[in-house]
């Protein structure tokens, strides 16, 4: 399983799109602060879980599930 944090942004959203071309949606989890913004991934069969860097417990609950985690970001 691969967990992608920040997938509602352009960079990691593109990462999820790329992963979906190479593996089943059931092997991808999107970690998002606002799960409503990640609805497009849910519609494609990707599991969407709430995780917020400001809430360490939410991170711990999701990150222990994956074998690979990708976290990327860019300045606005």
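Calculated from DSSP H runs of 4 or more alone, at -39500 (n - 2.57) each and per residue, what is the 222 nm mean residue ellipticity of the chain, nearest 500?
Values: 3 runs with 24 residues, N = 76.
The helix-only estimate for the chain comes to -8500 deg cm²/dmol at 222 nm.
Given 0.36 nm per residue, what is the gain on full extension from residue 55 to residue 17 after removing their alpha carbon distance, in nm? Before the final figure, lay out each step's value.
On the way: separation 38, 0.36 × 38 = 13.68 nm, distance 2.64 nm.
Contour length minus the Cα-Cα distance gives 11.0 nm.
Any chance you could run the full-extension gain for residue 36 through residue 10? It's 0.36 nm times the residue separation minus the Cα-Cα distance, nm to one decimal.
Values: separation 26, 0.36 × 26 = 9.36 nm, distance 1.58 nm.
Extra length available between residue 36 and residue 10 comes to 7.8 nm.
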Note: probe point = Cα of residue 63 + 7 Å toward Cβ; backbone nitrogen < 18 Å; residues of region 1-42 passing the test are 1-8, 12, 29-34
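Of all DSSP beta bridges located in the chain, what percent are antiparallel, nearest 5? Provide the component values of the computation, followed by the final result.
Details: 1 of 13 bridges.
Looking only at bridges with both residues in the chain, the antiparallel portion is about 10 percent.
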If only Cα atoms are counted, what is the Rg of region 2-71, and what is its Dmax, in Å? 10.8, 32
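No value in this document is a laboratory result; all are computed from the given coordinates. In this text, all values refer to a predicted model and were calculated from it rather than measured experimentally. Methodologically, a virtual Cβ is constructed for each residue, glycine included, from the backbone with ideal geometry; neighbour enumeration extends over all protein chains shown.
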